[in-house]
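Asks: Pasting a structure below so you can have a look.
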Amino acid sequence: MTTAVLITGTSSGIGRATAQRLAGRSDLTVYATARRVEAIADLAEIGARILALDVTDEKSMRAAVEAVEADHGAVGALVNNAGYGEYGTIEETGLDGVRRQFETNVFGLARMTQLVLPAMRAAKRGRIINVGSMGGRIVFPAGGYYHASKYAVEALADALRFEVAPFGIKVSLIEPGLIRTRFGDTAAHTLAGSAAPRGPYAALNALADQRMAASYRSTLLSAPPESVAKVIERAVTTRKPRTRYMVTPAAKALVHTRRLLGARVFDTYLRMQFRGTA
């Protein structure tokens, strides 16, 4: 019997790359999901099963989980991948956008987890893989609300891992660095629309946008989504998955540097990077 893998947000980027990679395995049945199934119809051609799923809609989430459980009894592995970046300064970013981001990045992830757990507990096995970010370990200016959502994912994963361990369920957190997907474009778009062109944070936003675009273009600082998909495959299939998988050498270097230097020194580094914006 194959393991049923339910992946959220497979229309592009990490989710699509993960569905493509896992669909080729004979020991897995992959359920690829997106709000619009026409956006992922091609994944059926490589063996994935297609489901509509909006992680901000209760009925949609229930229907997707019930469809998998009808065929397999339980979701074998849930990959909570759906998410996006709402960028802007703390003062100027509209809270309606922040709420939408938390609905997707945090509450959708939490609700999907709640829905799959009863059957996983009954089966005495299961995997939950949460796609977080290096942004859940370090914070950059003009990204506070996005970082807050990823810090929340870190906390949820740590609590959940302890709570469900007695039931044979393993929880892993994936922490990618900069990945060359549409995420960077979405983040830049929200950043551009979050503040007045001549407002008090105009220089900061402009430089943050510039640095973000350059970083995502850099092959030294970023990586393709397939590099994350490979790590997710490991978390789904290995007998003893790790609690955390950080992806890209640049992400590892930044996170460890922040930890070793402490807040004051890292703030000094940021001031140097954003000199002239205050």
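Every number in this text was worked out from the coordinates using simple rules, so none of it is lab data. What you are looking at is a predicted structure, and each value in this text was computed from that prediction instead of being measured. Neighbour counts run over all protein chains shown; Cβ positions are idealised from the backbone, glycine included.
Asks: Just to confirm a number: summing +1 for Lys and Arg and -1 for Asp and Glu over residues other than Arg239 whose beta-carbon lies under 14 angstrom from that of Arg239, what do you get?
Replies: Values: positive: Arg125, Arg127, Lys170, Arg234, Lys240, Arg242; negative: Asp27, Glu233.
Spelling it out: positives minus negatives among the neighbours equals +4.
Asks: Then there is this: Using the 10 angstrom Cβ neighbour count as an exposure proxy, how do Ile7, Ile174, Ile90 rank, fewest first?
Replies: Details: Ile7 33, Ile174 27, Ile90 13.
Ranking Ile7, Ile174, Ile90 by Cβ neighbours within 10 Å, fewest first, gives Ile90, Ile174, Ile7.
Asks: Going by C-beta contacts inside 10 Å, put His256, His72 in order with the fewest on the left. Spell out each step's value before the answer.
Replies: On the way: His256 12, His72 18.
Ascending number of Cβ neighbours within 10 Å: His256, His72.
Asks: What is the order of Glu91, Glu233, fewest Cβ neighbours within 10 Å to most?
Replies: Values: Glu91 11, Glu233 19.
By the 10 Å Cβ count, ascending: Glu91, Glu233.
Asks: Using only Cα atoms, tell me the angle between helix 13-22 and the longest principal axis of the chain; keep it within 0 to 90° and round to the nearest 10.
Replies: The answer is roughly 30 degrees.
Asks: Would you mind putting 9-20, 244-255, 95-106, 158-169 in packing order, based on average other-beta-carbon counts within 10 Å, highest first?
Replies: Values: 9-20: 24.6, 244-255: 18.2, 95-106: 16.3, 158-169: 13.9.
Result, highest mean Cβ count within 10 Å first: 9-20, 244-255, 95-106, 158-169.
Asks: Oh, and also: Report the local net charge at Asp57: Lys and Arg +1, Asp and Glu -1, summed over other residues whose C-beta lies under 12 Å from its C-beta. Intermediate results must be reported in sequence, preceding the final value.
Replies: Working: positive: Arg35, Lys59, Arg62, Arg111; negative: Asp54, Glu58, Glu103.
The answer is +1.
Asks: While we're on this one: How are the Cα pair distances of the chain distributed, in percent, across 10 Å bins from 0?
Replies: 7, 29, 35, 20, 8, 1, 0
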